[in-house]
Ligand code: FES
């Protein structure tokens, strides 16, 4: 219900776009590229490198996909979708139900993964389909003469989306590919790459959680400060543990107490009781639902807070995180 209500709200406030699928193409094993164009021939709203759009899929699901074309383009949006048969159905719906000629409803581009304005150099680490926002960043960095290197890790050449596009680009010399399932001379030596970066370089990574955890842990061990680390996970699987139990949230401002059942999120429990907290990704990625915790111990399940912010325990992401204490007192 919350997704439907949000879509209606956004339609009323002109935050939604209708686009046509102009092209659908296989760009690697299990990965399809979709080209989206406006339905009225007008230019699409501009986007910055690192942006994504919410796509309202046939069947009622909403999913976020990064825009992976050159951000200087206004005649199209490109998204690439990896099919995940073990996922929650979003990628299957894109692969099976969306075809050339179809009209889709999408959000305006949003960006939670900006290129730092102050960086003098950058290093980008892409794991698999995580290449999508980083490819758009590479286009932008190349166009502005920004110094960067893109390290792109996949399982095999066949699973490497955009190989030809990268090879024929003006920045191909700045891209290094690694294939974990193929014999190769080139192995990603994270500590060595990180040590040889400009001391003020910023790091950007996107990909599966294990990949990003490894990149970020290596950077922290090499002494990179948090303000130089930028990351984004899309279609993250919400961590559900068999030991998850119910707990209560007390709302300081509205003086109410809501029980969160073992099988629901805090956002779902609040929404069922008529309390709406703004959400976007609902996967602990974007930070939209960030809420102050006044008392109690959060059980952080997000990908947004830094280790220091988690440690402080005074804020959490109620779309995915839970409680270690029996009650959380929230600033709501
Ligand atoms: S809605 Fe994105 S982190 Fe909660």
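What list do you get for 279, 266 if you sort them by fewest beta carbons within 10 Å?
Listing 279, 266 from fewest to most nearby Cβ atoms yields 279, 266.
Measuring from centroid to centroid over Cα atoms, what is the spacing of the stretch 58-84 and the stretch 141-220 in Å?
The distance from the Cα centre of the stretch 58-84 to that of the stretch 141-220 comes to 21 Å.
Over the chain, what is the percentage of antiparallel beta bridges among all DSSP beta bridges, to the nearest 5?
Details: 38 of 63 bridges.
Of the beta bridges lying entirely in the chain, close to 60 percent run antiparallel.
So how much slack lies between residue 241 and residue 168, counting 0.36 nm per residue of separation and subtracting their Cα-Cα distance, in nm?
21.8 nm
Add -39500 (n - 2.57) for each DSSP H run of 4 or more in the chain, then divide by its residues: what number comes out at 222 nm, to the nearest 500 deg cm²/dmol?
On the way: 8 runs with 70 residues, N = 332.
Only helices count here, giving -6000 deg cm²/dmol.
If one takes the longest principal axis of the Cα atoms in the chain, at what angle in degrees, from 0 to 90 and to the nearest 10, does the Cα axis of helix 209-221 lie?
Helix 209-221 sits roughly 80 degrees off the main axis of the chain.
Give me the number: length gained by fully extending residue 226 to residue 311, i.e. 0.36 nm times residue separation minus the C-alpha to C-alpha distance, one decimal in nm.
Taking 0.36 nm per residue and subtracting the Cα distance, the gain is 29.2 nm.
What list do you get for 186, 57 if you sort them by fewest beta carbons within 10 Å? Don't jump to the answer; show the numbers that get you there.
Details: 186 10, 57 19.
In order of increasing Cβ crowding within 10 Å: 186, 57.
When 159, 63 are ordered from fewest to most other Cβ atoms inside 10 Å of their Cβ, what list results?
159, 63
On a full-extension model of 0.36 nm per residue, what is the gain between residue 248 and residue 200, subtracting their alpha-carbon distance, rounded to one decimal in nm? Intermediate values should be presented prior to the final figure.
Details: separation 48, 0.36 × 48 = 17.28 nm, distance 4.42 nm.
Value of the extension gain: 12.9 nm.
What is the distance, in nm, between label points placed 7 Å from the Cα along the Cα-to-Cβ direction at residue 99 and at residue 180?
Going from the residue 99 label point to the residue 180 one covers 3.6 nm.
Working from the pairwise distances between different alpha carbons, so that the mean of 1/r is found and then inverted, what is the chain's Kirkwood radius in Å?
21.1 Å
Could you identify which residue out of 278, 318, 307 has the top mean-square fluctuation in a GNM of the chain using Cα springs shorter than 10 Å?
Most flexible of the set in this elastic network: 307.
Once you place label points 7 Å from the Cα toward the Cβ at residue 331 and residue 144, how far apart are they in nm?
Once both label points are built, they end up 3.1 nm from each other.
Take peptides 286-295, 174-183 and line them up by average Cβ neighbours within 10 Å, highest first, as a rough protection proxy.
286-295, 174-183
When only C-alpha pairs under 8 Å and at least 6 residues apart count, what is the relative contact order of the chain, in percent?
Values: 663 pairs, mean separation 43.7, N = 332.
Relative contact order comes out at 13 percent.
Where a number appears in this text, it was derived from the coordinates with a stated rule and is not lab data. Worth saying up front: this structure is predicted, and the values here are computed from it rather than measured. FYI the Cβ positions are ideal-geometry reconstructions off the backbone, even for glycines, and counts take in every protein chain you see.
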